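The values are calculated or read from the model by the stated rules, or taken from the named source; none is laboratory data. Quick caveat, the model's predicted, so the values are computed rather than measured. Don't worry about glycine lacking a Cβ; one is built from the backbone with ideal geometry, like all the others, and counts go over all protein chains shown. Side chains are part of the model used for accessible areas, which takes the heavy atoms of the whole protein and leaves out ligands, DNA and RNA. Shrake-Rupley method; radii C 1.70, N 1.55, O 1.52, S 1.80 Å.
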Amino acid sequence: MNSAAFFFIAVLTLSAAVAAACLRQLVHAALSFAVALVGVAAFYFLLGAEFVGLVQVFVYVGAVAVLIVFTILLTRHGTDENRGFNWSGVVIALAVLAALLWAIMRTPALYVAAQPGVTVTVRQIGEALMSDYVWPLQCVGLLLTAALIGALVLVLEEKR
Amino acid sequence: MSYLELLRLAAPEAIVVLTAFVVLTIGLVTGRREAGDTPAATAGLGALVAALGLAIAAATIVRLPGHATLFHGMLVVSPLNSLFQVIVLVLAFFTVILARGERLLPNKGEYLAMILLATVGLMLLIGSEELLMIFIGLELTGLSLYVMTAFDKASQTSAEAGLKYFLFGSMASAFTLFGLSLIYGFTGTTSLAAIGPRLAEQALPPLLFVGIVMTLIGFLFKIAAAPFHLWAPDAYQGAPVSTAGFIASGSKVASFIVLGKILLIGFGPVSGSADWHGLIAGWTPILAVLSALSILIGNLVALVQKNVRRLLAYSAVAHGGYTLLGLIAGGRAGFSATLFYTTIYAVTLVGAFGVVGFVRRENGGDDLADFAGLRARSPLLAGCMAIFLLSLAGLPPLAGFFGKFYLFSTALRAGANHGLLWLVALALFGSLISLYYYLIVLKVIFLDENAQATPAVARYDFEMRADYLPKMTLLVLAGAVLLLGIIPGTLVARILASFG
């Protein structure tokens with residue numbers, strides 16, 4: 001059952017991602033991107049990481065994707081010129097893919113396999129965040145603050 | 001561990017963050033008027049507070065306990081980390097002062113706050129020996145620097161530089177994160193100290209090797225090593241001058257120390273060898289090839305540059321290549337040579353960009369032509385620039401000479417049978433090329449006449465109008481470059497002692 005589900009989700013996610021990169025209409029691309037994000041969330045659920053899956057849905061699908069759509073709607077549409085197909089990009093991407101596939105095929109197994117059947121509760125995650133991971137948590141908060149200030153400064157309209 | 005202890009050990013970072021918010025508030029409360037530019041008084045007060053905060057943070061670092069490790073290496077206090085955190089704070093201090101002399105940007109408060117936040121990112125990078133925190137530090141620094149690069153909204157090149165830097169940077173970060181996740185998958189830990197033994201006990205699977213290479217990409221991007229240097233010329237040229245100086249100095253120092261820790265502590269067992277006769281697979285041969293590429297590309301492309309900032313950018317690529325030599329040589333000696341070289345390079349570049357900032361304010365540009373006859377207009381600036389450039393070229397008795405000597409001799413001694421001789425020879429050849437283009441700049445400064453001859457009044461004007469403080473700073477930096485060349489032992493001994 002699980003491998004069938006895995007295959008289905010993988011195909012869905014990958015095709016949505018390819019569509020997001022290729023579609024000409026920006027809004028269509030943004031919506032395909034959202035589908036790809038849902039697919040990633042489905043992987044998390046499949047792996048038994050319910051909390052991460054939910055966060056993925058809330059943050060990425062709920063907030064980030066909506067933000068992208070709003071940004072597209074609210075900004076000017078640039079000239080939609082066709083720059084032609086980027087062959088060098090395709091060649092590089094295929095080379096990277098080939099190298100990765102070769103490495104994956106040649107590698108026997110991961111050092112740490114996920115323990116099956118162990119579910120981590122939200123409470124445990126919260127406790128870990130406030131004890132062992134409190135320092136990175138604070139620093140991520142600072143990172144977001146810096147990003148917020150920076151984004152605001154850059155879009156602030158100058159009165160001249 | 002209690003929160004109180006965390007607060008005590010993280011006090012320097014906390015102080016810089018608080019300072020950033022105070023500076024931000026000063027800018028918000030007093031700065032907003034109808035006109036675009038920040039009032040001079042606000043900018044002055046902000047810079048004063050920022051400089052004061054950085055000084056207090058540095059004083060706090062000195063008072064920290066000698067050794068402490070929290071959360072499996074997420075926050076590590078050691079003599080080495082403290083020394084380089086202080087160095088980064090000093091570089092940020094100079095950047096703040098030089099930003100003071102810059103044309104008044106709008107939102108000066110926010111600009112200073114971003115400098116401080118970038119500094120916190122650098123301190124996090126230096127002060128952690130754990131992959132998660134290293135990545136957060138990398139991102140905090142990166143985001144702040146992207147914004148600072150695009151800060152001059154009146155200039156199109158600034159926006160373009162910011163966008164390029166951002167796109168390249170986020171791509172490099174994505175690779176690094178992918179690589180870190182692979183490494184975590186194979187070793188089951190994110191602590192550098194624990195990764196080393198895990199790597200030693202298994203044969204290197206190809207996918208893990210891919211992970212290591214991907215991790216390196218992010219740092220090679222930061223130090224602008226050759227195939228990942230494409231952002232550097234635009235960022236160095238388009239960004240506000242103080243930002244360019246900070247990218248070239250503080251960001252580089254922190255990147256090199258973290259790169260060194262990751263390679264020598266974490267990936268030590270899979271280093272391989274780049275010896276001419278005895279190549280062993282690992283990260284060393286990769287770094288050796290990139291170092292050679294950086295030296296060649298950086299120096300050759302710098303030869304044809306007509307803009308001083310672009311020239312400094314390409315020479316930065318080459319200097320990144322030299323600095324990698326120490327890491328390729330490996331061991332304590334190699335690491336300390338790398339750290340010494342990157343430190344003096346950072347000091348030199350802050351100064352060089354300071355001079356560029358003055359010329360830019362006076363002439364409105366920073367092409368070679370704008371430097372023509374600088375000696376006649378301001379002997380002080382011309383003299384400082386000569387010291388900085390000759391140090392970069394590696395002439396004795398300046399700091400750059402000893403740095404290169406230390407670096408190259410360490411690399412030569414590292415391999416059995418002088419295996420790294422090929423790379424050292426290439427680096428020496430590169431230095432020779434670099435001497436040529438640095439001398440071209442100096443020739444323009446000292447010998448060429450300015451197209452529009454400057455009367456004595458203009459010269460007096462130039463000397464007086466320019467801020468006193470930034471000029472004194474440049475003098476201090478030039479003095480430091482000279483002093484570190486004459487008595488380099490003080491800093492080297494300090495670095496070696498801090499390895500403990």
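Numerical summary
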{"quantity": "Size descriptor, Kirkwood hydrodynamic radius, that averages inverse alpha-carbon separations across region B:273-500, Å", "calculated": "18.4"}
{"quantity": "Two-site FRET efficiency, B:T25 against B:L483, from Cβ-Cβ distance with R₀ of 41 Å, rounded to 0.05", "calculated": "0.60"}
{"quantity": "Residues A:A128 and B:H67, FRET efficiency given R0 of 25 Å [Cβ-Cβ distance, rounded to 0.05]", "calculated": "0.45"}
{"quantity": "Viscosity 1.306 mPa s, 10 °C: Kirkwood-radius Stokes-Einstein D of region A:119-160 over Cα pairs, µm²/s", "calculated": "126"}
{"quantity": "For chain A, projected area of the alpha-carbon convex hull averaged over all directions, nm²", "calculated": "14.6"}
{"quantity": "Nearest-0.05 FRET efficiency for B:S498 and B:A55, computed from C-beta distance (R0 25 Å)", "calculated": "0.75"}
{"quantity": "Charge dipole (region B:273-500, unit charges on Cβ, about Cα centre) - positive-most of B:S378, B:A292, B:L303", "calculated": "B:A292"}
{"quantity": "For the protein assembly as shown, Kirkwood radius (reciprocal of mean inverse C-alpha pair distance, Å)", "calculated": "26.2"}
{"quantity": "Summed residue charge, Cβ within 14 Å of B:L125's Cβ, Lys/Arg positive, Asp/Glu negative", "calculated": "-1"}
{"quantity": "Charged-residue dipole, Cβ positions (Lys, Arg, Asp, Glu), region B:273-500 about Cα centre, Debye nearest 20", "calculated": "240"}
{"quantity": "Number of Lys pairs (Cα under 27 Å; 8 or more positions apart or on different chains) in chain B", "calculated": "27"}
{"quantity": "Percent RCO, i.e. relative contact order, over region B:121-240, from Cα pairs under 8 Å lying at least 6 residues apart", "calculated": "33"}
{"quantity": "Extreme residue, positive dipole direction of the protein assembly as shown, given options B:T187, B:A172, B:L312 (C-beta unit charges)", "calculated": "B:L312"}
{"quantity": "Chain B, relative contact order in percent, only Cα pairs under 8 angstrom and at least six apart counted", "calculated": "14"}
{"quantity": "Helical mean residue ellipticity (222 nm; -39500 (n - 2.57) per DSSP H run of 4+; nearest 500) of chain B", "calculated": "-25000 deg cm²/dmol"}
{"quantity": "Gained length - B:L48 relative to B:L4, 0.36 nm times residue gap less alpha-carbon distance", "calculated": "12.9 nm"}
{"quantity": "Region B:83-138 - convex hull of alpha carbons, volume per residue in Å³", "calculated": "62"}
{"quantity": "Exposed-site-free run, longest, chain B (rule: GluC sites (Glu not before Pro); DSSP loop; at most 10 other C-beta within 10 Å)", "calculated": "B:202-448"}
{"quantity": "√(5λ) per eigenvalue of the Cα gyration tensor, region B:226-383, largest first, Å", "calculated": "34, 15, 12"}
{"quantity": "C-alpha center-to-center spacing [region B:191-223, region B:332-392] in angstrom", "calculated": "36"}
{"quantity": "Heavy atoms of B:V49: accessible area, 1.4 Å probe, square angstrom to 10", "calculated": "40"}
{"quantity": "Loop trypsin sites (Lys or Arg not before Pro), region A:1-107, which have at most 13 other Cβ atoms in a 10 Å radius of their Cβ (DSSP)", "calculated": "A:R24, A:R76, A:R83"}
{"quantity": "Cα-centre dipole for chain B with unit charges at Cβ (Lys and Arg positive, Asp and Glu negative), debye to 20", "calculated": "480"}
{"quantity": "For chain B, diffusion coefficient by Stokes-Einstein and Kirkwood Rh (Cα), 4 °C, 1.567 mPa s, µm²/s", "calculated": "57"}
{"quantity": "Size of electric dipole in the protein assembly as shown: Cβ of Lys, Arg +1 and of Asp, Glu -1, about Cα centre, debye, nearest 20", "calculated": "700"}
{"quantity": "Loop-exposed trypsin sites (Lys or Arg not before Pro) per DSSP, neighbour cap 10 Cβ within 10 angstrom, longest uninterrupted part of chain B", "calculated": "B:64-305"}
{"quantity": "Among B:F93, B:G121, B:N81 the positive-end extreme of the charge dipole of region B:55-137 (Cβ point charges)", "calculated": "B:F93"}
{"quantity": "Percent RCO, i.e. relative contact order, over chain A, from Cα pairs under 8 Å lying at least 6 residues apart", "calculated": "15"}
